[in-house]
Amino acid sequence: MDGKKAPPVGIEFFRDFKSKDYYYVDKTAFIAEFLRTKRAVNLFTRPRRFGKSLNMDMFKSFFEVGADASLFDGLDICREMELCERHMGKYPVIALSLKDVEGGDFETAYDSLGMLISEEATRFAFLRKSDKLQEEDKMKLSRLIAGDFEKPAFLYGSLKLLSRLLCDYYGHRVVILIDEYDVPLDKAYRDGYYPEMIKMMRSFLGQALKTNQNLDFAVLTGCLRIARESIFTGLNNFNVFSVSDSDCAQYFGFTDGEVKEMLKYYGVEERFPDMKDWYDGYHFGGADVYCPWDVVLQCRKLRNSKDAPMESHWENSSSNSIVRDILDDATEVTKGEIEALISGETVEKELIPEMTYTDLDSEDAGTRQTYLWSVLYATGYLTDAGKPEGRIHKLTIPNMEVRKIYEDKILSWFRMKVTSDTKRWERFCTAVKTGDGETVQDLFGAFLSESISIRDTAVRKEKKENFYHGIFLGLLQAEGSWIVKSNAESGSGYSDILLIVPQEKTGCIIEVKYAENGAFDVALKEAMEQIESHEYTELLRREGMETIHKYGLACYRKTCRLACEKE
């Protein structure tokens with residue numbers, strides 16, 4: 001295409017960057033910093049899609065016996081010559097990803113964990129031919145490979161057994177890498193077998209990580225930090241690197257400099273301000289970072305078209321169904337605070353660094369709310385707006401992409417509340433269709449006043465306009481028989497909202513403006529002039545609309561004004 005390396009979309013194996021010639025943002029200095037700060041067991045918690053799996057595979061590629069040193073040629077870690085000499089290729093490594101350990105019931109999840117252990121044990125099938133292992137141990141390894149886990153005790157002790165066999169063979173203690181350790185718990189919570197899963201994970205991880213004399217060190221990653229009394233009981237030499245900690249913070253996510261360099265490589269450096277608005281804003285310890293999944297996917301789009309619009313990528317790739325559940329159960333107070341966040345404000349909340357999923361079901365409303373905010377923070381839906389003071393965090397929405405997720409949720413709440421008053425909502429739709437601007441203005445203003453908290457903040461004018469745009473659009477979309485398009489190409493531009501009522505050959509153009517400081521007349525004049533100058537009604541005429549209404553909508557806080565003309 002252009003002779004450049006491909007953006008590494010979905011690449012989880014470190015070796016692929018060299019073998020398949022993908023663009024690589026060098027994070028290998030992470031290895032050196034980790035070795036200087038590590039303990040026996042180390043947990044890194046980050047939101048989904050922030051490079052955890054790739055970093056874990058990088059660790060495996062570096063530490064495992066037989067490591068291919070050429071994979072690291074020219075990368076930052078090669079400057080650490082003494083460290084590489086001591087650690088590269090020196091460890092037997094057990095590596096597991098628990099992201100697919102799931103099922104509709106506990107038995108299915110149990111079997112999927114067994115299959116995972118079987119696959120990993122198969123990597124070490126050559127041990128059965130070694131003179132360094134006893135025949136009894138070879139038989140146990142064969143059971144691991146065969147997936148013979150009829151007795152739970154054998155499955156729960158499988159990692160401890162495998163680490164002993166590897167240590168006996170290599171004469172060196174092992175490294176255990178476990179990616180997405182909390183995913184089975186999340187899925188078990190949703191499917192109703194959380195108590196059984198927590199019991200299994202406590203035993204499975206406990207035997208591997210606690211009093212395992214064949215373990216050199218272990219690294220785990222996850223989204224949430226599950227309370228020690230539930231999973232990590234008795235781990236004294238335990239190190240947690242959360243989103244609040246400065247150690248190793250810059251290695252999960254891309255920095256400003258890394259994003260600029262990547263955009264320059266693809267010849268689209270002029271799009272940096274857009275990338276920053278949409279995907280930056282996360283504050284992990286002392287580092288300010290972008291979501292790497294977003295940056296990589298958007299770079300692929302920009303490589304094909306320099307004018308490609310910014311899109312939401314993280315939302316569609318990150319399950320986090322627990323977040324949707326707790327937002328669905330939000331109180332009116334919480335909804336008001338989320339509206340404040342959308343408006344660019346911050347909220348101060350006490351957060352709990354450790355939690356269990358059952359805490360979310362607490363009968364105490366205050367406890368549930370504390371855990372709600374803690375989960376939103378841990379999963380990347382909120383970030384720090386300043387330095388935390390103990391457990392008190394000043395929280396903000398990190399960027400445009402995440403802000404849109406909240407807007408969609410608020411708009412969903414708004415639409416449900418408004419459309420539940422069927423008669424009034426139907427009057428509103430009829431007024432839009434017939435060009436009754438006065439009624440549209442009165443009803444929309446009443447909806448705003450009664451249903452939503454709008455604050456006048458320092459958020460940019462176009463963001464405010466987008467919010468009101470979404471509110472009006474949602475009300476029209478609830479009328480399922482109409483054709484409603486947002487930002488539709490029409491004439492020489494893109495109209496905010498284009499509405500077609502096919503049965504009556506009626507069409508509407510709605511242009512939304514934010515009336516700065518309540519200057520409604522100025523905003524309305526701008527909206528109506530834009531409709532005319534950009535010939536937004538041209539598409540409606542081509543579609544055979546016999547009646548066309550042009551609306552200019554100006555909004556300020558909870559107040560609106562409407563201009564309406566019939567063409």
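The values are calculated or read from the model by the stated rules, or taken from the named source; none is laboratory data. As the structure is a computational prediction, the values presented were derived from the model and not from experiment. Positions of Cβ are generated from backbone atoms using ideal geometry, with glycine treated the same way; all protein chains shown enter the neighbour counts. For the accessible areas, the whole protein counts, side chains as well, though only heavy atoms, and no ligand, DNA or RNA atoms are used. Shrake-Rupley method; radii C 1.70, N 1.55, O 1.52, S 1.80 Å.
Structural remarks
- Some residue of the stretch 401-416 being outside any helix (DSSP H, G or I) and farther than 23 Å from LYS558 by Cβ: no
- Only one of GLY480, GLY552, GLY507 that is free of Cβ contacts under 8 Å to residues at least 60 places away in the same chain, of a type outside the set (Lys, Arg) and more than 20 Å from GLN441 (Cα to Cα): GLY480
- Residue within the stretch 506-518 that is open to solvent by 10 Å² or more (accessible area, probe 1.4 Å) and assigned to a loop (DSSP other than H, G, I, E, B) present: no
- When the test is whether a residue is of a type outside the set (Gly, Ala, Ser), open to solvent by less than 30 Å² (accessible area, probe 1.4 Å) and farther than 21 Å from MET58 by Cα, ASP186 passes it.
- Within the stretch 376-395, considering residues that are open to solvent by 30 Å² or more (accessible area, probe 1.4 Å) and out of contact with any strand residue (DSSP E or B) (no Cβ under 6 Å at 6 or more places or on another chain), the one farthest from ASP280 (Cα to Cα): GLY390
- Of all residue pairs spaced 6 or more apart or on separate chains, those with beta-carbon atoms under 7 Å, a first member in the stretch 1-29 that is among the polar types (S, T, N, Q) and a second member that is open to solvent by less than 40 Å² (accessible area, probe 1.4 Å) are THR28/MET58; THR28/PHE72; THR28/LEU75; THR28/ILE77.
- Matching residues, the stretch 147-185, being outside any strand (DSSP E or B), in contact with a helix residue (DSSP H, G or I) (Cβ under 6 Å, 6 or more places away or on another chain) and of a type in the set (D, E, K, R): LYS160, ARG173
- Subset of the stretch 490-501 [open to solvent by less than 60 Å² (accessible area, probe 1.4 Å) and either assigned to a helix (DSSP H, G or I) or of a type in the set (Gly, Ala, Ser) (or both)]: SER490, GLY491, GLY493, SER495
- Top-ranked residue in the stretch 332-382 [being among the charged types (D, E, K, R) and in a helix (DSSP H, G or I); ranked as nearest to ARG190 (Cα to Cα)]: ASP361
- Residues being in contact with a Lys or Arg (Cβ under 9 Å, 6 or more places away or on another chain) and either free of Cβ contacts under 8 Å to residues at least 12 places away in the same chain or open to solvent by 20 Å² or more (accessible area, probe 1.4 Å) (or both) - total across the stretch 342-359: 10
- Lone qualifier among GLY74, GLY89 - being open to solvent by less than 30 Å² (accessible area, probe 1.4 Å), more than 28 Å from ASP182 (Cβ to Cβ) and either touching a residue at least 24 places away in the same chain (Cβ under 8 Å) or not in a helix (DSSP H, G or I) (or both): GLY89
- Filter pass, ARG561 being open to solvent by 60 Å² or more (accessible area, probe 1.4 Å) and on the phi > 0 side of the Ramachandran plot: no
- Count - residues of the stretch 194-217 that are closer than 15 Å to SER163 by Cβ and either in contact (Cβ under 8 Å) with a residue 60 or more places away in the chain or not in a helix (DSSP H, G or I) (or both): 10
- Looking across the stretch 256-280, just one residue is open to solvent by 40 Å² or more (accessible area, probe 1.4 Å) and of a type in the set (Ser, Thr, Tyr), and that is TYR265.
- Where ASN236 falls short, out of the listed (1) out of contact with any strand residue (DSSP E or B) (no Cβ under 8 Å at 6 or more places or on another chain); (2) of a type in the set (S, T, N, Q); (3) within 20 Å of TYR381 (Cβ to Cβ): (3)
- Filter pass, TYR23 being under 30 Å from ASN237 (Cβ atoms) and open to solvent by less than 40 Å² (accessible area, probe 1.4 Å): no
- Failed item, numbered, when GLU196 is tested on (1) more than 30 Å from ASP361 (Cβ to Cβ); (2) open to solvent by 10 Å² or more (accessible area, probe 1.4 Å): (1)
- Filter result for ASN466 (surrounded by 14 or more Cβ atoms within 10 Å (Cβ to Cβ) and without any contact (Cβ under 8 Å) to a residue 12 or more places away in the chain): no
- Output for the stretch 109-154, where each listed residue is among the small types (Gly, Ala, Ser), within 17 Å of TYR170 (Cα to Cα) and open to solvent by less than 20 Å² (accessible area, probe 1.4 Å): ALA121, SER130
- Of all residues in the stretch 1-15 being of a type outside the set (Val, Ile, Thr) and buried (at least 16 other Cβ atoms within 10 Å of the Cβ), the one that is farthest from VAL240 (Cα to Cα): PRO7
- Taking the stretch 488-515 as the range and being at pLDDT below 95, within 26 Å of PRO309 (Cα to Cα) and among the acidic types (Asp, Glu) as the test, the residues that pass are GLU489, ASP496.
- Residues (of a type outside the set (Val, Ile, Thr) and either modelled with pLDDT of 80 or more or open to solvent by less than 20 Å² (accessible area, probe 1.4 Å) (or both)) located in the stretch 443-463: LEU443, PHE444, GLY445, ALA446, PHE447, LEU448, SER449
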